[in-house]
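Enquirer: The structure follows.
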Amino acid sequence: MKNNRLEVSSVLQGDHAVLSIETGWTANTSNHMIEVRLFDDENRIVSSVCSASPKLSLTLERPNLWNGIDDPYLYIVEARLVEGGNVIAAKEATIGIKDLSFHPDLGVFLNGQPTALKGLKLPADGKTADKEANFEDLAQVVDQLHASGVQAVLVNFNQHSQDFFDLCEETGLIVWPDTKESLEQWSKHVLEISMS
């Protein structure tokens, strides 16, 4: 059975969210089923789905939205591979459900609201750029960013570990990709600050 990282994304559609989940598992027999459950921050199951497919989607009515540093609300997605009623593998991921968009003239919108951002470009040679960086070092950097009033970080996605991205989402930091197009928007709409 193929066992890759659990990949989760979401799209807001009116008053509900649709989550797409890729488990990386392949059902080898007709006895294999994949169960996915979505938990809120009080550990209650708020949505679930079961399928033989490694790619699943589920719907969440009236989600609590991730709202940056003001309210970085996260859900937990748990996937279980079940064979004959027994759980033979499990993994989980967290996700903040949000609508983040950029308008060339009007700026950044988070969940439909215009949002003024203070941000910082992270150097490609810093602690967070080491994919093997220890979790405590990453947590210290994210804490320093948060304490400095940073709301967004500009990074090269290929140079950072998943732990870094997870910590940013937990603390409400918006992660901005360092591409030519996004750099132009960053320069136009984000007030750059330095860490004290």
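The values are calculated or read from the model by the stated rules, or taken from the named source; none is laboratory data. Note that the structure is a prediction, hence the values are computed from the model and not measured. Neighbour counts are summed over all protein chains in view; Cβ atoms, including those assigned to glycine, are modelled from backbone coordinates with ideal geometry. These area figures cover heavy atoms from the full protein model, side chains too; ligands, DNA and RNA do not enter into them. Shrake-Rupley method; radii C 1.70, N 1.55, O 1.52, S 1.80 Å.
Enquirer: Could we say that residue 47 is assigned to a strand (DSSP E or B), open to solvent by less than 70 Å² (accessible area, probe 1.4 Å) and either within 30 Å of residue 116 (Cα to Cα) or modelled with pLDDT under 95 (or both) here?
Expert: No: the conditions fail for residue 47.
Enquirer: Taking the stretch 54-96 as the region of interest, how many residues are open to solvent by 30 Å² or more (accessible area, probe 1.4 Å), outside any strand (DSSP E or B) and touching a residue at least 24 places away in the same chain (Cβ under 8 Å)?
Expert: Total satisfying the criteria: 9.
Enquirer: Same structure again: How many of the residues in the stretch 144-173 are open to solvent by 20 Å² or more (accessible area, probe 1.4 Å), in contact with a helix residue (DSSP H, G or I) (Cβ under 9 Å, 6 or more places away or on another chain) and either free of Cβ contacts under 8 Å to residues at least 24 places away in the same chain or assigned to a strand (DSSP E or B) (or both)?
Expert: Qualifying residue count for the region: 2.
Enquirer: Quick one: would you say residue 21 is open to solvent by less than 80 Å² (accessible area, probe 1.4 Å), without any contact (Cβ under 8 Å) to a residue 60 or more places away in the chain and under 15 Å from the mean Cα position of the chain (by Cα)?
Expert: yes
Enquirer: Hey, another quick one. Report the residue count in the stretch 162-183 for those that are farther than 15 Å from residue 135 by Cα and in contact with a Pro (Cβ under 7 Å, 6 or more places away or on another chain).
Expert: Total meeting the criteria: 1.
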